[in-house]
Amino acid sequence: MPLFSKAAKTFKGELVSFYITCIRPVCEHAIPVFHTSLSEYLLKDLEQVQKRALAIICPNQTYSDALLSINLESFEQHHHHLSNRKAYLSLFM
């Protein structure tokens with residue numbers, strides 16, 4: 001994985017950190033509340049945000065390769081894990 005992103009003119013590590021700390025939390029902030037009623041089209045829209053961000057961070061990789069190289073889950077998988085964790089934690093509250 002190249003260390004420098006020509007498209008964004010910055011280092012990939014900085015872009016990944018920015019995405020993980022600033023963009024992804026905004027996209028997933030209401031998942032614990034609305035995990036059962038989040039519609040399919042909204043999940044697809046959120047996935048598109050992540051796909052676009054990864055296309056900027058890793059311009060020469062496919063979406064699935066970029067997920068692997070950055071060690072992220074797809075938004076749908078992440079949503080599923082957060083939903084299951086919320087359901088699991090609610091058993092003990």
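Within segment 6-41, restricting attention to residues that are among the aliphatic types (A, V, I, L, M), in a helix (DSSP H, G or I) and modelled with pLDDT under 80, which residue is farthest from His79 (Cα to Cα)?
Only one residue tops the list, namely Val33.
Pairs needed: first member in segment 44-64, under 23 Å from Phe11 (Cβ atoms) and part of a loop (DSSP other than H, G, I, E, B); second member anywhere, open to solvent by less than 60 Å² (accessible area, probe 1.4 Å) and at pLDDT 90 or above; C-beta distance under 6 Å; at least 6 residues apart or different chains.
Cys58/Ala66
Taking segment 65-82, which residues are assigned to a helix (DSSP H, G or I), of a type outside the set (A, V, I, L, M, F, W, C) and under 10 Å from the mean Cα position of the chain (by Cα)?
Glu76, Gln77, His78, His79
The values are calculated or read from the model by the stated rules, or taken from the named source; none is laboratory data. Please read all numbers here as calculations on a predicted model, not as lab measurements. With ideal geometry, Cβ positions are generated from the backbone for all residues, glycine too; neighbour counts draw on all protein chains shown. Accessible surface areas use protein heavy atoms only, side chains included; no ligands, DNA or RNA. Shrake-Rupley method; radii C 1.70, N 1.55, O 1.52, S 1.80 Å.
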